[in-house]
Amino acid sequence: MGRASKGQPTDGPGPVVVMVRPQLGENIGMAARAMLNCRLSALRLVSPRDGWPNERAWRAASGADVVLEAARVFATVGEAVADLEHVVATTARNRELVQRIVTARQAASDMRAWIGQGRKVGILFGPERTGLENEDMVHADTALSIPLNPQFSSLNVAQAVLLVAYEWAIAGDATPSERVADHATRPATKEELQTLFAHLERALDESGFLRHKAMRPAMVLNLRALLQRSAMTEQEVRTFHGVIKFLSKHKHEE
């Protein structure tokens with residue numbers, strides 16, 4: 001299938017995603033899309049039901065062609081994982097096998113440690129209808145179970161790939177947990193906030209809002225704390241000054 005590749009490969013080594021006996025081309029494509037969003041691009045397919053390549057996979061991939069173009073096809077799970085040193089198998093069911101079972105978050109941490117040691121790692125995902133069988137699971141040294149609703153833990157395989165790939169991406173991500181939007185101005189300085197409060201306090205005194213002397217100290221402190229807590233930007237401070245000025249002007253004109 002000749003195509004011009006789209007998308008970008010990963011920035012570094014990551015786990016191989018192994019889809020075992022996938023039934024729908026659409027799910028392969030959506031899994032590829034999920035992988036590339038999380039900087040993964042190594043995809044292996046074990047006996048895809050409808051053969052390979054599959055036009056429906058490309059349509060569902062929404063441009064993640066680089067993953068599909070490089071996908072490798074194998075006849076058995078054993079062949080697909082033969083060159084790997086660690087294999088994590090996803091499962092939603094209790095098994096007869098005695099295996100170490102981890103969450104997706106723990107698996108991501110483990111995989112980053114293994115890959116950091118130069119080891120090759122893969123993640124097995126089972127077919128849509130049945131999931132992985134015991135004969136597939138024995139190729140893994142770790143089982144991954146996602147703690148969802150025990151009364152309804154049915155994930156589409158592409159959703160499972162996204163969830164596990166996301167945990168992989170987050171485990172190595174340095175994005176701060178909170179930040180000001182890129183289009184916003186810089187955060188206001190403490191001096192700018194103090195100047196704003198002084199302006200507000202004068203306006204509140206002139207309006208008579210702070211006329212109760214006994215209550216005034218607590219009200220002033222509460223208002224100061226509110227402004228400090230608001231995490232205002234420099235632009236927002238200037239806007240607030242304008243609001244106070246406008247209201248004060250109209251108060252004097254009444």
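The values are calculated or read from the model by the stated rules, or taken from the named source; none is laboratory data. Quick caveat, the model's predicted, so the values are computed rather than measured. Neighbour counts are summed over all protein chains in view; Cβ atoms, including those assigned to glycine, are modelled from backbone coordinates with ideal geometry.
Just a few scattered comments:
- As for segment 180-189, it holds no residue that is in contact with a Phe, Trp or Tyr (Cβ under 6 Å, 6 or more places away or on another chain) and either modelled with pLDDT of 90 or more or part of a loop (DSSP other than H, G, I, E, B) (or both).
- Filter pass, residue 122 being surrounded by 20 or more Cβ atoms within 10 Å (Cβ to Cβ), among the small types (Gly, Ala, Ser) and modelled with pLDDT of 90 or more: yes
- Residue 162 vs. criteria under 16 Å from the mean Cα position of the chain (by Cα), modelled with pLDDT of 90 or more and not hydroxyl-bearing (Ser, Thr, Tyr): yes
- Segment 195-214 residues that are in the same structural domain as residue 237 (by TED's automatic domain parsing), paired with ones that are among the aromatic types (Phe, Trp, Tyr) and surrounded by 12 or more Cβ atoms within 10 Å (Cβ to Cβ) (beta carbon under 9 Å, 6 or more apart): 196/240; 199/240; 200/240; 203/209
- Unmet requirement for residue 129, which otherwise passes all of (1) closer than 22 Å to residue 48 by Cα; (2) outside any loop (DSSP other than H, G, I, E, B): (2)
- Positions within segment 145-162 being buried (at least 17 other Cβ atoms within 10 Å of the Cβ) and outside any loop (DSSP other than H, G, I, E, B), in sequence order: 157, 158, 160, 161, 162
- Any hit, segment 103-117, residues being basic (Lys, Arg), closer than 21 Å to residue 41 by Cβ and without any contact (Cβ under 8 Å) to a residue 60 or more places away in the chain: no
- Here residue 185 meets the list (1) surrounded by fewer than 10 Cβ atoms within 10 Å (Cβ to Cβ); (2) in contact with an Asp or Glu (Cβ under 6 Å, 6 or more places away or on another chain) almost entirely, failing just condition (1).
- Test: residue in segment 150-173 that is outside the structural domain of residue 42 (by TED's automatic domain parsing), of a type in the set (S, T, N, Q) and over 26 Å from residue 114 (Cα atoms): no
- Checked against (1) at pLDDT below 90; (2) over 25 Å from residue 186 (Cα atoms), residue 230 passes all but a single condition, namely (2).
- Among the conditions (1) within 17 Å of residue 16 (Cα to Cα); (2) surrounded by fewer than 16 Cβ atoms within 10 Å (Cβ to Cβ), residue 175 misses just one, which is (1).
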